[in-house]
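Before any comments, here is the structure.
The values are calculated or read from the model by the stated rules, or taken from the named source; none is laboratory data. Being a predicted model, the structure only gives us computed values, none of them experimental. Using ideal geometry, Cβ is built from the backbone for each residue, glycine included, and neighbour counts are taken over all protein chains shown.
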Amino acid sequence: MQIPLSKTAAINKGLSYKGAHLADAGMPMVNLANAATFGGFKRTGWKYYTGPYQPRHVAHGGDLLVANTDLTWKLEALGWPMLLPDDVPEALFSHHVTRIDFAPEWRHLRLPVWAHLFTTEARQRVEGMAHGTTVAALPKEALTDLEIPVLPADAPVLRQAEALLQRAWAAERESEALVRLRDALLPGLMSGEIRVGEAEERVEEVV
């Protein structure tokens, strides 16, 4: 069974921001630099914003976001979905990003829709509806009228997918923690201030 996405969710465009409000710290903001091919989320792409915004511009951990602009017209980012990691309580999202705001009774469809956006059918729709002169843009109806699969909230495949997603996020957090630890320990190891055994103990605490 398939129904239009608009029957399950509202499509909300993000904050149109001014560069003067970007800073090295502040409210994290999802933008095109966070989008990765095949649905990844690049934390290295964060921007930080200190200016005014509205509640509708805020996404929460686990929310489904979609890139609605491609600055290159190569369509390498346009229409790619992103799941905001659940360890990020809230983040802004820019006007180049759309949030799919599911109604509470349809919230369980975020993973099926995320997966559906990779299908040939969805990609052909996105690429076929792209428009613009200097940049490629995705019209709202490309998503609102998109036919999506509907699964019951208690479908076993949804529980399995959620478990895999949680494992992936946990592995990502562990990897980032190990990178930070490596960067912190390496100078001490090289200088002899920290012994190998002490470094191993710290790694074990993270793992």
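The table for this structure:
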item	result
Total residues in the stretch 1-21, condition outside any helix (DSSP H, G or I), surrounded by 15 or more Cβ atoms within 10 Å (Cβ to Cβ) and either out of contact with any Asp or Glu (no Cβ under 6 Å at 6 or more places or on another chain) or not hydrophobic (A, V, I, L, M, F, W, C) (or both)	7
Filtered residues of the stretch 32-50 (kept if surrounded by 16 or more Cβ atoms within 10 Å (Cβ to Cβ) and in contact with a His (Cβ under 6 Å, 6 or more places away or on another chain))	Leu32, Tyr49
Residues (closer than 27 Å to Glu176 by Cβ and surrounded by fewer than 20 Cβ atoms within 10 Å (Cβ to Cβ)) located in the stretch 84-106	Pro85, Asp86, Asp87, Val88, Pro89, Glu90
Residues satisfying the stated conditions in the stretch 139-161, i.e. in contact with a helix residue (DSSP H, G or I) (Cβ under 9 Å, 6 or more places away or on another chain), touching a residue at least 24 places away in the same chain (Cβ under 8 Å) and under 13 Å from Leu5 (Cβ atoms)	Ala142, Leu143, Thr144, Asp145, Leu146, Glu147, Ile148, Pro149, Val150
Test for Lys74: is it surrounded by 14 or more Cβ atoms within 10 Å (Cβ to Cβ) and basic (Lys, Arg)	no
Top-ranked residue in the stretch 104-158 [being among the hydroxyl-bearing types (Ser, Thr, Tyr) and more than 23 Å from His60 (Cβ to Cβ); ranked as nearest to the chain's Cα centre (by Cα)]	Thr119
Total residues in the stretch 159-207, condition modelled with pLDDT of 70 or more and closer than 30 Å to Asp63 by Cα	23
Cross-chain or 6+ apart pairs with Cβ under 7 Å, the stretch 1-13 first and among the polar types (S, T, N, Q), then surrounded by fewer than 16 Cβ atoms within 10 Å (Cβ to Cβ) and in a helix (DSSP H, G or I)	Ser6/Thr144; Asn12/Arg56
